[in-house]
Each structure stands twice: as structure tokens, then as C-alpha cells.
1. Carbon and sulfur together cover what percent of the accessible area of the stretch 104-193 at a 1.4 Å probe radius?
2. Which pairs in the list 73/133; 45/154; 133/154; 46/154; 45/172 are over 20 Å apart, alpha-carbon to alpha-carbon?
3. Measuring from centroid to centroid over Cα atoms, what is the spacing of the stretch 56-116 and the stretch 124-167 in Å?
4. Averaged per residue, what accessible surface does the stretch 61-160 expose to a 1.4 Å probe, in Å²?
5. List the chymotrypsin sites (Phe, Trp or Tyr not before Pro) in the stretch 38-116 that DSSP assigns to loop (not H, G, I, E or B) and whose Cβ has at most 13 other Cβ atoms within 10 Å. Which are they?
6. Treating the beta-carbon of each Lys and Arg as +1 and of each Asp and Glu as -1, no other charges, what is the dipole magnitude of the stretch 61-193 about its Cα centre, to the nearest 20 debye?
7. With N denoting the number of residues in the stretch 55-148, provide Rg(C-alpha) divided by 2.2 N^0.38 Å, to two decimal places.
8. Identify the residues of the stretch 77-99 with backbone N under 12 Å of a label point that sits 7 angstrom from the Cα of residue 105 along the Cα-to-Cβ direction, or state none.
Amino acid sequence: MRPTQKAKPPKGRVGRDSGGTPEGETPEALREVTPAARRRRVFVKKFQFSLQAMRDYRERLLDEEKGTLQRLKAERDSIEEHLRRLEGEFTGISREIQEKQEEGTTIIELKKLSAQLDNLRLQIQDQEAALAKAEALVGRQMEKVVAANQEVSKLDKLEERQREEYRHQVSKAEEDRIDEFVSQNLVRMAPAG
């Protein structure tokens with residue numbers, strides 16, 4: 001044999017150590033499978049939730065609603081922060097007016113500070129109205145999130161029920177397969193009589 005040639009596997013029988021069968025023949029176990037036996041075999045497919053697409057859609061909606069809720073809460077928090085800042089300025093100017101009145105100051109200076117107070121008062125009123133509106137929007141959005149969450153929860157519970165039913169069917173199929181196997185072995189072992 002030349003060094004570049006590879007040895008060809010022998011034709012005919014395959015050795016027992018390789019676990020093979022004679023060429024052209026099928027193993028005993030495969031020859032015994034009759035069409036009736038094939039029909040009796042139960043192949044259990046992997047569990048698949050029948051409403052998975054609906055659940056995915058509802059979950060996407062829930063995520064969108066949660067995102068909207070977070071955005072609305074951030075807007076509300078921003079309004080609250082702005083309102084606190086305005087109230088702080090209002091308190092500061094009020095103190096300044098009191099101090100100037102006690103020390104004595106010009107009427108022009110007092111009118112200027114009073115105009116600033118009036119301006120802040122109007123801004124505070126606007127921010128309070130905006131805050132009330134933002135709180136209402138957050139409340140409505142929270143209701144949407146709760147409703148969307150309930151829809152997803154319903155589908156989760158339905159999926160769990162279907163999964164339990166699937167487990168029950170798999171268990172039943174396994175029991176049937178074992179019973180059939182045992183009964184076939186008993187029939188084979190029974191003396192021909």
C-alpha cells in the first residue's frame with residue numbers, strides 16, 4: 001500500500017465491537033416495529049402555550065404603558081421640583097420685604113419686591129394647576145398599567161393551567177407506554193401452549 005492511500009473499511013460484516021449490524025440488514029428491534037406498533041407510540045411534542053403570541057403582545061403593551069407611566073412620573077416630579085423652587089423664592093422675597101420694611105427703605109424698592117412676589121404667586125398657581133393635571137395623568141396611566149398587568153396575569157394563569165394539563169397528558173402517555181411495554185413483555189414471556 002502506498003503511503004498516500006488510506007485503508008478502506010472491510011465490506012460485509014461490521015465487527016461486533018463497533019456495535020454495527022451486517023450490511024443490508026436491520027437490527028432486530030427495528031424489524032419488530034409494525035405499523036400497529038408505530039401507531040401506538042405516542043410522541044409527545046414540546047409544550048407550547050397556545051396563546052403565546054397574544055401574551056407577547058400583551059406584555060409589549062404592558063411595557064409600553066409602564067414606559068409611559070415612568071415618563072409621566074418624571075414630568076410630575078419635575079413640576080414638583082420647580083414648584084418647590086418657586087415657593088422657596090417666594091419665602092425668600094417675603095423675608096426680604098419684611099427686613100427692608102423694618103430697616104426702612106424706599107417705596108420703589110418695596111414696589112419692585114412686591115411685583116416679584118406677585119409674579120412668583122402667579123407662577124406658583126400655574127405650577128400647582130400643572131401639578132394637579134400631571135397627578136391626574138399619572139393616576140389614569142396607573143389604571144392602564146394595572147389593567148394591562150391583569151391581562152398578562154390572566155394569560156400567565158392560563159399558560160400555567162395549560163402547562164399542568166400538558167404535564168398530566170405526558171404523565172398519562174408515559175404510564176400508557178409503560179403499561180403497553182409490560183403487557184407486551186408478559187405476552188412474549190408466556191409459554192406457547
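1. Reported share for carbon and sulfur atoms: 57 percent.
2. Table pairs above 20 Å Cα-Cα are 45/154; 133/154; 46/154.
3. 29 Å
4. Each residue of the stretch 61-160 exposes 68 Å² on average to a 1.4 Å probe.
5. 43, 47
6. The calculation lands at about 180 debye.
7. 1.69
8. Under 12 Å, as judged by backbone N against the label point of residue 105, lie 92-99 of the stretch 77-99.
The values are calculated or read from the model by the stated rules, or taken from the named source; none is laboratory data. Everything numeric here is computed off the predicted structure, so don't read it as measured data. Virtual Cβ from ideal backbone geometry, glycine too; neighbours counted across all protein chains shown. Surface areas here come from the heavy atoms of the whole protein model, side chains and all, with no ligands, DNA or RNA. Shrake-Rupley method; radii C 1.70, N 1.55, O 1.52, S 1.80 Å.
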